[in-house]
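All remarks here apply to the structure that follows.
The values are calculated or read from the model by the stated rules, or taken from the named source; none is laboratory data. What you see is a predicted model, and the numbers here were worked out from it, not measured in a lab. Note: ideal-geometry Cβ built from the backbone for every residue, glycine included; neighbour counts use all protein chains shown. Keep in mind that these areas ignore ligands, DNA and RNA; they rest on the heavy atoms of the full protein, side chains included. Shrake-Rupley method; radii C 1.70, N 1.55, O 1.52, S 1.80 Å.
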Amino acid sequence: QIEAALREAVQGAQEWAATGIETRAQLLERAADLYQQNLAPLAALLIREAGRTLADSVAEVREAIDHLRYYAARIRIEFDPAVHLPLGPVACISPWNFPLAIFTGQLAAALAAGNTVLAKPAEQASAVAALAVRLLLQAGIPPRALQLLPGEGERVGMALVADARVRGVVFTGSTATARTIARRLAARAEVPLIAETGGQNAMIVDSSALPEQVVADALISAFNSAGQRCSSLRVLCLQQEIAGDVLKMLSGAMRE
């Protein structure tokens, strides 16, 4: 299936690259409209598959819609087909923590630039990705320009990265995996890698801070989106003089 998808992506690359900028932009905007019309089914899948709360799932659908509209707007303003030449087939490898927003942002950018896309979602959220791709194809994105390849990263993602027909990689995930991808791409000349990797988010609080605000912000940062954001609070650093009172309030708020 991977081999068949790669052949399709190569064969469809020239046709999609030749598609006018305005047409590409309109297709992305049509997909954004379909996302909006299907907000409830998308949100429901995010809740079921990724553990989202209702509010967080709605926010993620809206963020995905923003990505589609943003890249449509950018290519209208910035792109010159004589200068901004597509790469060809691009592998988009997305994470489980934002299975719709990051997934959509990656492929929207690649499609907007005129590349054919091999979309490899996180295996934990393949149903969300499948519905998204269905809507994008319904919007008019050619099947050769966008193909969904669900499966394990080691089997599917790395197979795409290792294939010489893939001319670019967009990856969001762990630093270790990004380094592995970079090493595999280093053997080939001029294959760009766009990688967004993990980190540790800290909040530093001194005695001038209002404890109630600290606690509210810490809870939102640590636990919104089921604690799955790359920016979720991991380390709370408190000035010693206020630590006892803040921790007591934080503990009560967490129990609540």
note = For the stretch 227-256, the count of residues that are within 26 Å of residue 59 (Cβ to Cβ) and surrounded by 14 or more Cβ atoms within 10 Å (Cβ to Cβ) equals 7
ask   = Looking only at the stretch 184-196, which residues are under 30 Å from residue 29 (Cα atoms) and outside any loop (DSSP other than H, G, I, E, B)?
value = 193, 194, 195, 196
task = Tell me which of these residue 124 doesn't satisfy, since it passes every other one: (1) of a type outside the set (Val, Ile, Thr); (2) open to solvent by 40 Å² or more (accessible area, probe 1.4 Å); (3) at pLDDT 95 or above.
result = (3)
task = Residue by residue through the stretch 144-183, note down the ones that are open to solvent by 20 Å² or more (accessible area, probe 1.4 Å) and assigned to a helix (DSSP H, G or I).
result = 153, 154, 155, 159, 162, 175, 176, 177, 179, 180, 182, 183
message = Of all residues being without any contact (Cβ under 8 Å) to a residue 12 or more places away in the chain and not aliphatic (A, V, I, L, M) in the stretch 177-199, which is nearest to residue 162 (Cα to Cα)? Just the residue, please.
response = 183
message = Would you confirm, using the coordinates I've provided, whether residue 139 is in contact with a Phe, Trp or Tyr (Cβ under 8 Å, 6 or more places away or on another chain) and open to solvent by less than 20 Å² (accessible area, probe 1.4 Å)?
response = no
ask   = Identify, please: which residue in the stretch 230-253 is part of a helix (DSSP H, G or I) and touching a residue at least 12 places away in the same chain (Cβ under 8 Å) and is, among those, farthest from residue 51 (Cα to Cα)?
value = 241
ask   = Taking the stretch 117-146 only, how many residues are over 16 Å from the mean Cα position of the chain (by Cα) and touching a residue at least 24 places away in the same chain (Cβ under 8 Å)?
value = 9
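Against the definition (at pLDDT below 95, assigned to a helix (DSSP H, G or I), open to solvent by 10 Å² or more (accessible area, probe 1.4 Å) and within 25 Å of residue 227 (Cα to Cα)), how does residue 63 come out, yes or no?
Working: at pLDDT below 95: no; assigned to a helix (DSSP H, G or I): yes; open to solvent by 10 Å² or more (accessible area, probe 1.4 Å): yes; within 25 Å of residue 227 (Cα to Cα): yes.
No; evaluated as a whole, the condition is false for this residue.
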remark   = Of (1) farther than 28 Å from residue 19 by Cβ; (2) at pLDDT below 90; (3) in a loop (DSSP other than H, G, I, E, B); (4) not β-branched (Val, Ile, Thr), residue 207 satisfies every one except (2)
ask   = Of the residues that make up the stretch 211-229, is at least one without any contact (Cβ under 8 Å) to a residue 24 or more places away in the chain, farther than 21 Å from residue 119 by Cα and not in a helix (DSSP H, G or I)?
value = no
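So that you can scan it fast, the table gives a plain yes or no per residue for (1) of a type outside the set (Asp, Glu); (2) buried (at least 17 other Cβ atoms within 10 Å of the Cβ); (3) on the phi > 0 side of the Ramachandran plot:
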position: 31; (1), (2), (3): yes, yes, no
position: 35; (1), (2), (3): yes, yes, no
position: 39; (1), (2), (3): yes, no, no
position: 55; (1), (2), (3): yes, no, no
position: 74; (1), (2), (3): yes, no, no
position: 78; (1), (2), (3): no, no, no
position: 82; (1), (2), (3): yes, no, no
position: 87; (1), (2), (3): yes, yes, no
position: 91; (1), (2), (3): yes, yes, no
